[in-house]
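The values are calculated or read from the model by the stated rules, or taken from the named source; none is laboratory data. Here the structure is a predicted model, which means the values were calculated and not measured. Counting neighbours? That spans all protein chains shown, and the Cβs are built from the backbone with ideal geometry, glycine included. In case anyone asks, the SASA skips ligands and DNA or RNA and just uses the protein heavy atoms, side chains included. Shrake-Rupley method; radii C 1.70, N 1.55, O 1.52, S 1.80 Å.
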Amino acid sequence: MLILGLETSCDETAAAVVQDGVAVCSNVVATQHDLHQRYAGVVPEIASRAHLERLMPVVQDALAQAGVAAGDLDAIAVGNRPGLVGSLIVGVSAAKALAWSLDKPLIGVDHVRAHLHAAQLVDAGDAPVAGPTYPALGLVVSGGHTSLYQLSEDGSATRLGRTIDDAVGEAYDKAGVLLNAGYPGGPNVDKLAQTGDPHGPDIPALPISMLSADSLDFSFSGLKTALLYAVRGHPEGRGKSATFPRSIDDLSDTRRADLAAAFQHAASQAVVRKLGRALKQGPQVHALVVGGGVSANSELRKRLTAFAQEHQLSLHLPAMAYCVDNAAMIAGYAALRLAQGDTDDLHLPVLATSRT
Amino acid sequence: MNPQPPTTWVTVSAQATTACGQRLGALLQPGDVVALDGPLGAGKTQFVRGLAAGLGLDPGDVSSPTFVMMHEYEPDEADDAKTSCTLFHLDAYRIGGSDDLASLGFDAELRATGVSVVEWSARIDDALGPDVIHLALAHGPHDTRTLTLSARGRWAAQADTLLTTLTETRP
């Protein structure tokens, strides 16, 4: 079963061909990171215009790299929620046109749910990886999402918690700005933290937000503000004329690295402690399934590995290439839907918010 | 109509900033636009959480739209539509300018169907319409925040009322 997947929910324009839901024949991602880097994270042009220009070349690349003719496909899958409506429309319109002209089934996929399928993906020709035993805990950590799910055998995902302010990936991007580590913040703060000591001299303990005693929600804005104060000091003066005593340029490279390590420590602890709380509260689970761009973070991967070991859960982390937004996860998850005969018609809508 | 001179006050905690947003939210109607500016960690999203509560929406739905640029919070179907309306929560942190708003589907027509609140609004100020309540948030000493109100268009005439509502300590 060969499925072409399209993904245009945010910054990435992506297309992929996946066989039988797991074997990735091609995975093409045109990222706007190069553009963002130049403008320190600001989208320099309309995201949807970039998608429009890139999508068909990306689709052609994906088919060519997979060595697949369009007529060989069994279905066309597309991320249709959640995301920017203007961006999603580009992918969904293209998917509808392809499905209609090729007379193939169309499958609209929830982008966040697809992230939880990414750990199953392998390069075509490689041995498949063992899937999770259900029920399982699902964790999506990315720039736009930080959510915890209960996953069931039938593919359904029930949300247990979510961020009430910043997503963890967003906190990383903002930490990248505060620490002058560069954009995107995730990999750059991770890199800076490698040489740092979270308990270095005069490094304050940054807050690990747990919210109310039984909450499975996440909060990262307090951590962001604490990092701001650690970098720039507490504002002095009155009212509008209050100013910060220092800037990032006043910090030594060692201190920047130590603060990056302290931030990374607090951010990953916050995630892992919530997982611990979810285990205590919920029904017994057998596996921990992780997805999203921040699952590429070295510290988080280390902590999740230790956590899974401690609680005797099988851990399902995506390969690095499938952590970030990609279309292979869309095509892969769509295979489960196609197998259940669950396809969409040409009225498939785009939705700004997730259904799960 | 000339804008009123800006007016400034201080909130002592994140909760106080949220409460401020809630009092403002209770005054707002579809079509109203609130513009927020201030550096990282100044409390913009905290303020929006209060605004949502004041509009009768679930403040738990509010999260930062920095990455995805726009969130829409809708009333529960069970709620009386008269007591709550959709809140469009925009974040222009990653938006280059007002031209880019078109790609979000945010135009005057959509704006009329709910209350809009825009973080990092200075970047897209010219797309927010004539009637805007603007709040600048700044870090102060001891975890306080300084808020500065300026109102334009029809809100300019009501700036005194707005200020009284926003700075009210306890009901």
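Could you give each residue of the range B:120-127 its phi-based ³J(HN,Hα) in whole Hz, using Karplus coefficients 6.51, -1.76, 1.60 with θ = phi - 60°, and x for Gly or Pro?
6, 5, 4, 5, 10, 3, 6, 9
For A:Asp342 and B:Asp99, what does the FRET efficiency come to when R0 = 56 Å and r is the distance between their Cβ atoms, rounded to the nearest 0.05?
0.90
Considering only protein heavy atoms, what per residue accessible area in square angstrom results for the protein assembly as shown with a 1.4 angstrom probe?
Counting only protein heavy atoms, the per-residue value for the protein assembly as shown is 40 Å².
Based on Cβ point charges of +1 for Lys and Arg and -1 for Asp and Glu, what charge dipole magnitude is obtained for the range B:4-167 about its Cα centre, in debye rounded to the nearest 20?
It works out to roughly 640 debye.
Count, for each residue of A:232-241, the Cβ atoms from other chains sitting within 10 Å of its Cβ, then give me the mean as a whole number.
Mean number of neighbouring Cβ atoms from other chains: 5.
Please identify every one of the trypsin sites (Lys or Arg not before Pro) in the range A:232-298 that sits in a loop by DSSP and has no more than 15 other beta carbons within 10 Å of its own beta carbon.
Within the range A:232-298, the qualifying trypsin sites (Lys or Arg not before Pro) (loop, at most 15 other Cβ atoms within 10 Å) are A:Arg238, A:Arg246.
Taking every DSSP beta bridge with both residues inside the range B:21-120, roughly what % is antiparallel (nearest 5)?
The antiparallel fraction comes to roughly 30 percent.
Computed over the Cα atoms of the protein assembly as shown, what is the convex hull's projected area averaged over all directions, in nm²?
Its average projected convex-hull area is 24.6 nm².
Which value results when the Cα radius of gyration for chain B is divided by 2.2 N^0.38 Å?
It is 0.96.
For the range B:16-22, in order, what is each residue's ³J(HN,Hα) by Karplus, 6.51 cos²θ - 1.76 cosθ + 1.60 with θ = phi - 60°, in whole Hz (x at glycine and Pro)?
5, 5, 4, 4, 4, x, 5
What spacing in nm lies between the two simple spin-label points modelled at A:Asp202 and A:Glu53, each 7 Å away from Cα in the Cβ direction?
About 4.7 nm, to one decimal.
Counting only the heavy atoms of the protein chains, how much of A:Tyr149 is accessible to a 1.4 Å probe, in Å² to the nearest 10?
Near enough 10 Å² of accessible area.
How much FRET efficiency would the formula 1/(1 + (r/R0)^6) give for A:Asp249 and A:Ala70, where r is the Cβ-Cβ distance and R0 is 41 Å, rounded to 0.05?
Plugging the Cβ-Cβ distance into 1/(1 + (r/R0)^6) gives 0.15.
Please compute how much accessible surface disappears when B pairs with A, both sides summed, using a 1.4 Å probe, and round it to the nearest 100 Å².
Chains B and A together bury roughly 2900 Å² of accessible area.
Take every DSSP beta bridge whose two residues both sit in chain B, then give the antiparallel share in percent to the nearest 5.
Around 55 percent antiparallel, to the nearest 5.
Given the whole protein assembly as supplied and a 1.4 Å probe, what does the accessible area of A:His117 come to in Å², nearest 10?
20
Measure off 7 Å from each Cα along the Cα-to-Cβ vector at B:Asp126 and A:Gln309, then give the distance between these two points in nanometres to one decimal.
5.8
Determine, from the Cβ-Cβ distance of A:Asp154 and B:Ser13 and an R0 of 35 Å, the FRET efficiency 1/(1 + (r/R0)^6), rounded to the nearest 0.05.
0.20
Can you send over the carbon and sulfur percentage of the accessible area for the range A:136-317, probe radius 1.4 Å, protein chains only?
Carbon plus sulfur share of accessible area: 49 percent.
What ranking, highest mean first, results for peptides A:258-271, A:184-197 when packing means the other Cβ atoms within 10 Å averaged over each residue?
Most protected by this proxy first, the peptides run A:258-271, A:184-197.
Which pairs, out of A:Lys224/A:Lys302; A:Lys174/A:Lys302; A:Lys191/A:Lys302, put more than 18 Å between their alpha-carbon atoms?
Over 18 Å apart, Cα to Cα: A:Lys224/A:Lys302; A:Lys174/A:Lys302.
How large is ³J(HN,Hα) for each residue in the range A:278-287, as worked out from phi by the Karplus curve 6.51 cos²θ - 1.76 cosθ + 1.60 (θ = phi - 60°), to whole Hz, x for Gly and Pro?
4, 5, 5, 7, x, x, 4, 10, 10, 8
Which lysines have a Cα less than 24 Å from the Cα of A:Lys104, not counting those fewer than 8 places away in the same chain?
Within the straight-line limit of under 24 Å, A:Lys104 reaches these lysines: A:Lys96.
For the pair A:Lys302/B:Ala112, report the inter-label distance in nm, with labels modelled 7 Å from Cα in the Cβ direction.
About 5.7 nm, to one decimal.
Given +1 on the Cβ of Lys and Arg, -1 on the Cβ of Asp and Glu, and no further charges, what dipole in debye does the protein assembly as shown carry about its Cα centre, rounded to the nearest 20?
For the protein assembly as shown, the charge dipole is close to 1280 debye.
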